[in-house]
Amino acid sequence: MIGILIKKELLVIFRNRSFLLTALIIQLLLFTAAAGGYRVFQESKAERLAAEKEKREQWLHQDPKHPHIAAHFGNFAYMPKTGLSLFDYGLDAFTGTVVYLEPHKQNEFSFKPAEEQNASLRFGELSLAMILQLLFPLLIIFNCFTAFSKERSGGTIQLLYSQGVSFRQLYLGKFLACCIWILLLVLPAFILLLLTQIWIKSAALELLRLLLLSTFYLFYLFLVAAVTLLVSAYSKNAKPAILTMIGIWLGFMVLVPKWSASAGDNLYPLPSKYDFLQAIRRDIHQGIDGHNAKGTRAEQLKTQLLQKYHVDTVSKLPFNFEGYVMQAGEAYSSRVYDKHFSKLQSRLQQQNQIGLWCSLIDPFMAIKNISMGLCGTDYGTHLDFQRQAENYRRFFVRSMNQDMEEHSKLGDWEYKVKKDTYAKIPAFHYVQRTIGQSLAPYLLGFCSLGLWLLVMVLLVEIYNKQSK
Amino acid sequence: MKLYKIIFSNELRLMLRSSTQMIALVLFVCLGAYSIYYGHSEIRKQENRLQGVADTIQKSRRHYLEAFKADTSTAAGKYAYESAAMPSLARFNYNFLAINPPTAMAGLSLGQRDLYRYYYILNAQNLYAQTLKGDIDNPFKLSAGNFDLAFVCIYLLPLLIIALSFDVLSAEQDLGTLSLISTTSFSLKQIVAQKIRFRCLLVLLLVMVLSLGAFLCSGPGLQLLPAVFWLMVLFAYSGLWFAIMYLIISFKMNTSLNAISGIVVWICLLIVVPALINLLVANGQKQQASSLASLMRSRNMPEKEDAMREVLGDFYAYYPALKPIDTTKTPFFFFQGYSAFLMVDQMKSKKLVDELYRSVKRRDQKVGYFNLISPAVYSQELLNHLSGTDMDREFQFKAAIEKYHQKIFWFSNQALFGNRMLRAKDYAHAPRFSFKPAPFSMEHLLLGLFQLSGISICLLFWGGKNLSVDFNEE
């Protein structure tokens with residue numbers, strides 16, 4: 001019986017000209033988004049690689065200079081775009097793309113693409129993810145909201161019931177038919193994505209992410225179809241059904257995400273950069289000043305070292321005391337930065353937590369987060385990149401300070417590193433997170449999808465009992 | 001006239017009875033009220049932050065002035081005095097504050113204000129090394145945007161208009177009263193127009209009430225002209241949406257199709273068209289500034305006499321009046337060399353930054369060509385422009401900062417190149433930042449209003465033509 005129902009539903013939908021037209025429009029949009037995303041990805045990648053190369057050359061070809069001065073010349077870490085970022089741009093426009101790495105300071109990311117745009121970017125950018133998250137559900141809503149009201153007004157529902165078809169069967173038939181045409185329409189998007197990934201020679205890991213993405217998106221869209229069909233069943237006629245679904249769409253996709261972000265910001269305000277840096281400066285001031293080997297804390301360090309090496313003056317130490325103080329100062333400032341940055345991160349986490357909790361009831365937010373996580377365009381990936389860049393900063397500053405400590409003499413600021421020392425510092429390379437790490441922050445999102453599925457099954461059963 | 005009155009009172013009665021429409025109205029008012037609160041609380045936060053930074057800067061300035069009276073026989077007093085009097089130290093330690101204060105209407109449309117830095121703390125170091133570094137913010141929040149009054153009016157007002165007018169004609173069809181109406185001496189076009197007029201008045205009243213509420217919260221700094229233009233832009237935008245609905249209704253489709261068509265147009269104008277323009281025209285994700293990263297680098301140069309003399313030579317070519325007749329090295333020689341290096345380097349960097357600004361403006365101009373097909377983005381731009389939260393204001397702020405930085409540079413370097421110490425008198429005359437942004441462009445606004453109204457008139461004309469054809473004739 002269900003097979004017949006599915007066949008009938010598919011026949012009706014594929015005979016519907018307005019459905020075919022909207023489906024065609026959606027396909028065109030998907031193609032445009034894929035082509036545009038691919039172009040943006042390639043251009044951004046080329047620009048990033050050129051900038052990275054240029055900065056690396058500058059680092060390698062700087063004049064021989066004192067290692068600490070060379071460290072002050074600094075390095076840059078450019079945020080790479082993942083292959084899947086052409087599917088979902090996520091937060092890329094609002095996270096900076098490059099960070100300047102220098103001694104004593106942990107800088108913020110600079111150059112947000114959104115800064116170079118007027119207000120239009122705030123309206124969103126066409127991407128495959130945006131179409132599947134926002135527009136595709138509307139296609140489903142518009143084609144399913146009359147599913148039961150039409151049967152009711154046409155009197156066919158009673159006819160079906162009298163033939164022994166239960167509501168559960170009818171619902172399942174309609175739902176599976178929906179799933180089939182959704183699958184048919186969504187498939188080209190993922191084929192396009194797969195082709196672009198092959199084209200850009202994406203790693204095998206990306207293909208696994210792609211597989212997961214397609215699974216989660218299909219689940220999300222099936223859920224939208226299930227809700228629409230249920231609303232249609234519970235509504236007396238088509239008008240309340242469409243109004244309810246538009247209301248749900250608007251609430252979940254426009255209002256809740258915006259509200260959760262505003263509420264987070266209001267409840268847990270961020271410090272100003274000035275206050276933040278002042279607090280760091282205050283703490284660092286209490287510690288060791290790397291540039292001042294005669295400071296109080298440096299004097300304490302000196303006493304300890306003299307005792308440890310059984311010598312009476314720092315010039316008799318087996319290393320350059322100034323270099324040692326420089327690195328001790330760096331290590332101290334790193335501890336201060338760690339303390340303040342971890343405070344800042346937990347504040348940001350608190351802000352975003354509201355959005356994560358909202359994703360428990362809002363499947364749109366759930367899929368949005370999961371999608372960004374899998375595509376490497378979420379805040380978690382940005383944080384991870386920030387962490388790796390900071391580790392690299394500490395590594396190259398430590399290496400330069402070590403060179404000073406080991407090769408120069410006390411008070412010798414004329415010492416210069418050899419040119420090949422620069423090459424010993426490898427270029428920064430970002431290691432992408434594993435799938436598990438990418439998805440871990442969004443467990444609530446998975447719960448949301450599961451929860452909605454459970455509620456749907458329950459409501460169908462309740463209606464089924466009522467209709468008997 | 002009598003029929004018009006009857007339609008008005010009847011529509012009012014029907015609306016009061018319709019729970020859907022009443023819910024939509026109440027929800028809209030509540031969201032509008034929340035948006036006013038949100039916008040103003042955001043601006044208050046920014047103002048508090050600005051005040052806090054200004055107070056700290058002021059406090060540190062007082063310390064500098066007091067340092068001139070310090071007892072230099074003590075180590076601490078000497079250190080304090082030297083920090084204030086030595087131009088080579090003061091140039092990088094004495095801070096100046098440049099702020100972009102919010103306009104009275106900024107809370108109504110926060111625009112790009114959350115994205116751009118609205119204050120900078122500057123010294124005589126290279127300007128771009130100080131301004132290009134990023135700020136602390138939450139990308140998730142930036143991406144979600146602001147829940148301000150402009151958002152409610154641009155995004156949600158059209159939905160209210162759709163909810164109020166999608167069944168203007170089809171409800172009569174469904175109830176079977178259309179044939180009754182046809183028997184009156186008034187044409188279908190006149191009746192539909194009158195029904196739309198009723199809803200239009202209601203919406204304009206709502207917009208007016210919400211805007212007036214927001215104006216009242218804006219405080220005494222509010223100017224009349226921008227406020228009037230704010231209302232005019234919103235009226236024109238609402239008018240456009242009523243014209244769209246009038247056109248949809250004129251096709252005499254059933255209730256569901258009208259609602260769907262309205263929503264489809266909303267999706268196209270609010271989501272699809274802007275998103276397409278951003279992708280295809282603006283290259284939204286494409287980063288133009290990353291090549292400027294080098295400008296953030298700490299500026300260092302070889303501390304050798306030859307290198308110093310070379311850069312000073314370049315510097316004196318720009319400022320010949322400062323070139324000393326006696327070329328013997330003064331105690332300030334190396335400091336002068338570094339300052340000269342900074343200035344020459346800044347001039348080179350400025351060319352790169354100016355080129356970036358030009359290309360950003362070009363891209364903005366390109367997007368502007370599509371205003372006619374993207375009225376929502378256009379209206380948002382106009383509201384941002386009126387509220388002083390658009391990119392144009394940001395460029396003006398950046399230009400003012402560049403000018404101010406020149407003064408900051410010369411504050412300490414005037415003494416440095418004059419081979420003298422700074423005095424308390426110099427600090428009393430330290431440059432202050434004054435930012436007088438250009439008033440909003442009347443031409444830009446009138447063009448916007450003309451375009452929005454032009455589209456509306458065309459749509460109304462088309463809709464009217466459709467409605468002139470009788471049901472029976474069809």
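The values are calculated or read from the model by the stated rules, or taken from the named source; none is laboratory data. Just so it is clear, the model here is predicted, and its values are computed rather than measured. Don't worry about glycine lacking a Cβ; one is built from the backbone with ideal geometry, like all the others, and counts go over all protein chains shown.
Scoring A:D88 on the criteria (1) in a helix (DSSP H, G or I); (2) more than 8 Å from every other protein chain (Cβ to nearest Cβ) leaves a single failure, condition (1). Within 30 Å of the chain's Cα centre (by Cα) and within 20 Å of A:R39 (Cα to Cα): is that true of A:F94 in this structure? Yes: the conditions hold for A:F94. Condition test on A:R56, is it charged (D, E, K, R), surrounded by fewer than 24 Cβ atoms within 10 Å (Cβ to Cβ), more than 19 Å from B:L132 (Cβ to Cβ) and more than 9 Å from every other protein chain (Cβ to nearest Cβ)? For A:R56, the condition - charged (D, E, K, R), surrounded by fewer than 24 Cβ atoms within 10 Å (Cβ to Cβ), more than 19 Å from B:L132 (Cβ to Cβ) and more than 9 Å from every other protein chain (Cβ to nearest Cβ) - is met. With respect to the conditions (1) part of a helix (DSSP H, G or I); (2) crowded, with 17+ Cβ neighbours inside 10 Å; (3) at pLDDT below 90, B:E42 falls short on a single one, namely (3).
Of the residues that make up the stretch B:343-365, is at least one more than 31 Å from the chain's Cα centre (by Cα) and outside any helix (DSSP H, G or I)? Within the stretch B:343-365, none of the residues are more than 31 Å from the chain's Cα centre (by Cα) and outside any helix (DSSP H, G or I). Comparison of A:L121, A:L126, A:L138, A:L134 shows that the only residue that is touching a Phe, Trp or Tyr at 6+ places or on another chain (Cβ under 7 Å) and either free of Cβ contacts under 8 Å to residues at least 12 places away in the same chain or not charged (D, E, K, R) (or both) is A:L138. Applying the condition of being among the acidic types (D, E) and within 19 Å of B:Q130 (Cα to Cα) to the stretch B:325-354 and asking which residue is surrounded by the fewest Cβ atoms within 10 Å (Cβ to Cβ) yields B:D354.
Conditions (1) charged (D, E, K, R); (2) at pLDDT 95 or above; (3) surrounded by fewer than 17 Cβ atoms within 10 Å (Cβ to Cβ), marked per residue:
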| position | (1), (2), (3) |
| --- | --- |
| A:L194 | no, no, yes |
| A:I198 | no, no, yes |
| A:A204 | no, no, yes |
| A:L207 | no, no, yes |
| A:L210 | no, no, no |
| A:L221 | no, yes, no |
| A:L230 | no, no, no |
| A:Y234 | no, no, yes |
| A:K239 | yes, no, no |
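Condition (residue is modelled with pLDDT of 90 or more, surrounded by 16 or more Cβ atoms within 10 Å (Cβ to Cβ) and in a helix (DSSP H, G or I)) applied to the stretch A:445-453: is it met by at least one residue? Looking for residues that are modelled with pLDDT of 90 or more, surrounded by 16 or more Cβ atoms within 10 Å (Cβ to Cβ) and in a helix (DSSP H, G or I), one finds at least one in the stretch A:445-453, hence yes. Pairing residues of the stretch A:260-282 that are at the interface with another protein chain (Cβ under 7 Å from one of its Cβ atoms) with residues that are buried (at least 18 other Cβ atoms within 10 Å of the Cβ) and of a type in the set (G, A, S), at Cβ distances under 6 Å and at least 6 apart in sequence or on separate chains, gives A:A261/B:A144. Taking the criterion of being closer than 27 Å to B:D114 by Cα, at the interface with chain B (Cβ under 7 Å from one of its Cβ atoms) and in a helix (DSSP H, G or I), the residues of the stretch A:114-153 that qualify are A:A114, A:E115, A:E116, A:A119, A:S120, A:L121, A:R122, A:F123, A:M130, A:L134.
Can you tell me which of A:C179, A:C144 is surrounded by fewer than 21 Cβ atoms within 10 Å (Cβ to Cβ) and either in contact (Cβ under 8 Å) with a residue 24 or more places away in the chain or touching a helix residue (DSSP H, G or I) at 6+ places or on another chain (Cβ under 8 Å) (or both)?
None of the others qualify; the one that does is A:C179.
Exactly one residue among B:P375, B:P320 is surrounded by fewer than 18 Cβ atoms within 10 Å (Cβ to Cβ) and not acidic (D, E), and that residue is B:P320. Of all residues in the stretch A:317-353, exactly one satisfies the criterion of being in contact with a helix residue (DSSP H, G or I) (Cβ under 6 Å, 6 or more places away or on another chain), surrounded by fewer than 20 Cβ atoms within 10 Å (Cβ to Cβ) and either of a type in the set (K, R) or within 14 Å of chain B (Cβ to nearest Cβ) (or both), namely A:H340.
Of all the criteria given as (1) in a loop (DSSP other than H, G, I, E, B); (2) among the hydrophobic types (A, V, I, L, M, F, W, C); (3) farther than 21 Å from B:T131 by Cα, the one not satisfied by B:F433 is (3). Among residues that are within 13 Å of another protein chain (Cβ to nearest Cβ), in a loop (DSSP other than H, G, I, E, B) and either under 30 Å from A:A119 (Cα atoms) or in contact with a strand residue (DSSP E or B) (Cβ under 6 Å, 6 or more places away or on another chain) (or both), B:L110 is included. For A:L160, the criteria (1) under 24 Å from B:L292 (Cβ atoms); (2) more than 8 Å from chain B (Cβ to nearest Cβ) hold in every case but one, which is (1). A single member of A:N107, A:N143 is polar (S, T, N, Q) and touching a Gly at 6+ places or on another chain (Cβ under 9 Å), and it is A:N107.
Out of everything in the stretch A:71-84 that is assigned to a helix (DSSP H, G or I) and surrounded by fewer than 24 Cβ atoms within 10 Å (Cβ to Cβ), what residue ends up being nearest to the other protein chains (Cβ to nearest Cβ)? Filtering first and then ranking leaves A:H72.
The criterion of at least 1 residues that are within 14 Å of chain A (Cβ to nearest Cβ) is met by the following helices (runs of 4 or more DSSP H) wholly inside the stretch B:121-224: B:127-131, B:139-144, B:157-165, B:170-175. Only residues that are of a type outside the set (A, V, I, L, M, F, W, C) and closer than 29 Å to B:G262 by Cα were counted across the stretch A:156-183, and they come to 2. Evaluating A:T95 against the criteria (1) over 21 Å from B:M296 (Cα atoms); (2) buried (at least 24 other Cβ atoms within 10 Å of the Cβ) leaves one unmet condition, (1).
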